[in-house]
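In what follows, a structure is listed as C-alpha cells, so that the remarks can point back to it.
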Amino acid sequence: MELQFTGLVPEEGSPVHEAVSAARYYTVRDNAEPWLYAYGPVARMNPFQALCYSAFGEHGLAVTPVTDPWSFRALMSLQGQTRGVVYHLHWLAFITQGAATAAEARANIDRFLAEIDRFRQAGGKLVWTVHNVINHDAAFLDEELRLQQAIADAADLIHVMSEDTPELVQDFLRLPRERVICVPHPSYLGSYEDYLPRDHARIMLGLEPDEIVYAVVGAIKAYKGIERLVEAFNLALERSDRPRRLIIAGGADSDRSTRELIRQLRMHPYVLVQDRRVPGDHVQRLLRAADVMVLPHERALNSGGALLGPSFGLPLVAGRVGVLPGLLSEEFTEFANGTSAGEWADALERADRLTAPAARDAAAAFAERHHTRVISPQLAAAVRDGLNLEEERPDASS
C-alpha cells in the first residue's frame, strides 16, 4: 500500500473524510467519543494553526481541517458519531474573495452567514479568532465590517490574543465580553529548522561580521510599511559610521507600486531582497544571520513576526500598533516613537543596544514563555470551559 498523507489538500469526500479519520482515531485510543474540532481556512504555509492545536487531542478534541472553508456544515453529519461539532473560524477574507462589486460581496456574505446560522441551529458550536481589525486587503469596507460584527454576534466563543483587543477594535467591532477568551499567540519554537550557527548563516548571505543586520520576513504589502522602513534605514546609514544591512524577504504583491519598490530595493547596495515566499527551511538562514528583526507595520492588530523573531533569539524594532506595546518588553524591543521615517531611523539606531547578549536572552525567554506546550493546553482548556464541553452530547436529531 502506498504511503499517503492527507488533511491539507481538498480531495473527494473532504472535509468529512478527514473528520471521520480524526474521530475514529481518538475514539479507539481513548475508548470515548471526542468532540470534533474543525478549523478553516487552513493556513498551509504558516505553522500557527498546528501550534495552536498541538495539545487538543489530549483534551478530547479531535482536530480536523476544513480545506474548503465553505463546506464546514457537512461535518454535522458526524454529530451522532462524536460528542458534538465545533468549527473554529479564522480569517474572513475568503468570503468576499473574487467579488467585483459591493453587491457581489454582500451576496457572498449573506450566503456565508446563512451557512453559519444553519450550522448552529443544527447544534454546531462556532469559535472565531480575531486576527485583524479589518481584513488587510478589504475592498468593500462597509460590507466587511458588517460581516465581522455578524460573526462576532453569532459566535459561541471569541478568541483574542491580547487582553486589550476589545478596546483596540471597539471603533469597528463590538466584542461581547462574556464570550471572549484570551490566549496569546504561540511562539514558533520547534516549527522551523534551527541548527545553523550565526557565522555560517552570515557567510551564506555574504554578510560581514561587524555589520548590524536588520531582517523583515513576511509578505511584502502596502500596510507593512516597507517604503518608510527603507527611508529610515537610509537615514540611519547617513547618520552613523557603523556598517548596516537590511534584509527584506517574503512574497510580494503584484501591484505597480510594489513592483517599483522591489526594483529600487534590488538596486540598493545595502539591502538584500527576496520577493518570493521564504521556504520553511530557509527561515533560519535569514534570522540566524540577523541581529534584529523589524516589524514595520503601519497598521496591525496582531503580528506573527513578534513571535517569530524571538523564536530565533532576535530582539525587535516595532511600531506602537495593535497589541504590540502591551505584548513586547523593552528588554528586547525598541519602539519607534512616531510614524515618520526620522523617528523610525532613531529607533533603528537605538536598537544598537539590542545586539547585547542580554537582549537576545530576553527575546528567547519570551519565546519560551509562549511555547506551544504552554499555549496550546491553555487554548484547549479555555475552549472547553467557554463552550461548556463537559455537557452531554447534543441530540443528533436536532
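The values are calculated or read from the model by the stated rules, or taken from the named source; none is laboratory data. Model, not experiment: these values are computed from the prediction. Because the Cβ atoms are built from the backbone with ideal geometry, glycine has one as well, and the counts that use them run over all protein chains shown.
Annotation: Val85 fulfils all but one of (1) within 16 Å of the chain's Cα centre (by Cα); (2) farther than 25 Å from Leu168 by Cα; (3) crowded, with 20+ Cβ neighbours inside 10 Å; the unmet one is (1).
Conditions (1) more than 25 Å from Val183 (Cβ to Cβ); (2) touching a Lys or Arg at 6+ places or on another chain (Cβ under 6 Å), marked per residue:
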position	(1), (2)
Ile134	no, no
Ala138	yes, no
Glu143	yes, yes
Ala150	no, no
Asp156	no, yes
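Residues considered: Ala114, Ala122. Of these, the only one that is free of Cβ contacts under 8 Å to residues at least 12 places away in the same chain, in the same structural domain as Ala38 (by TED's automatic domain parsing), of a type in the set (A, V, I, L, M) and more than 24 Å from Ser254 (Cα to Cα) is Ala114. Checking the structure you have, find out if any residue of region 42-61 is within 30 Å of Glu144 (Cα to Cα), buried (at least 16 other Cβ atoms within 10 Å of the Cβ), of a type outside the set (A, V, I, L, M, F, W, C) and touching a residue at least 60 places away in the same chain (Cβ under 8 Å). Taking every residue of region 42-61 in turn, at least one turns out to be within 30 Å of Glu144 (Cα to Cα), buried (at least 16 other Cβ atoms within 10 Å of the Cβ), of a type outside the set (A, V, I, L, M, F, W, C) and touching a residue at least 60 places away in the same chain (Cβ under 8 Å). Select from region 131-156 the residues that are over 30 Å from Gly80 (Cβ atoms) and surrounded by fewer than 16 Cβ atoms within 10 Å (Cβ to Cβ) and write down the one among them that is modelled with the lowest pLDDT. Taking the candidates together, the pick is Asp137. Filtering region 118-130 to residues that are surrounded by 14 or more Cβ atoms within 10 Å (Cβ to Cβ) and in contact with a helix residue (DSSP H, G or I) (Cβ under 8 Å, 6 or more places away or on another chain) leaves Phe119, Arg120, Ala122, Gly123, Gly124, Leu126, Val127, Trp128, Val130.
Scanning region 203-224 for residues that are touching a Pro at 6+ places or on another chain (Cβ under 7 Å) and either among the charged types (D, E, K, R) or outside the structural domain of Ala356 (by TED's automatic domain parsing) (or both) yields Glu208, Asp210, Glu211, Lys224.
Quick grid of which residues meet (1) in contact with a strand residue (DSSP E or B) (Cβ under 9 Å, 6 or more places away or on another chain); (2) free of Cβ contacts under 8 Å to residues at least 24 places away in the same chain; (3) over 27 Å from Leu324 (Cα atoms); (4) surrounded by fewer than 18 Cβ atoms within 10 Å (Cβ to Cβ):
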residue: Ser162; (1), (2), (3), (4): yes, no, no, no
residue: Leu173; (1), (2), (3), (4): no, no, no, no
residue: Arg177; (1), (2), (3), (4): no, yes, no, yes
residue: Leu189; (1), (2), (3), (4): no, no, no, no
residue: Arg202; (1), (2), (3), (4): yes, no, yes, no
residue: Asp210; (1), (2), (3), (4): no, no, yes, yes
residue: Val217; (1), (2), (3), (4): yes, no, no, no
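The residue that is modelled with the highest pLDDT, counting only those in region 334-364 that are part of a loop (DSSP other than H, G, I, E, B) and among the polar types (S, T, N, Q), is Ser340.
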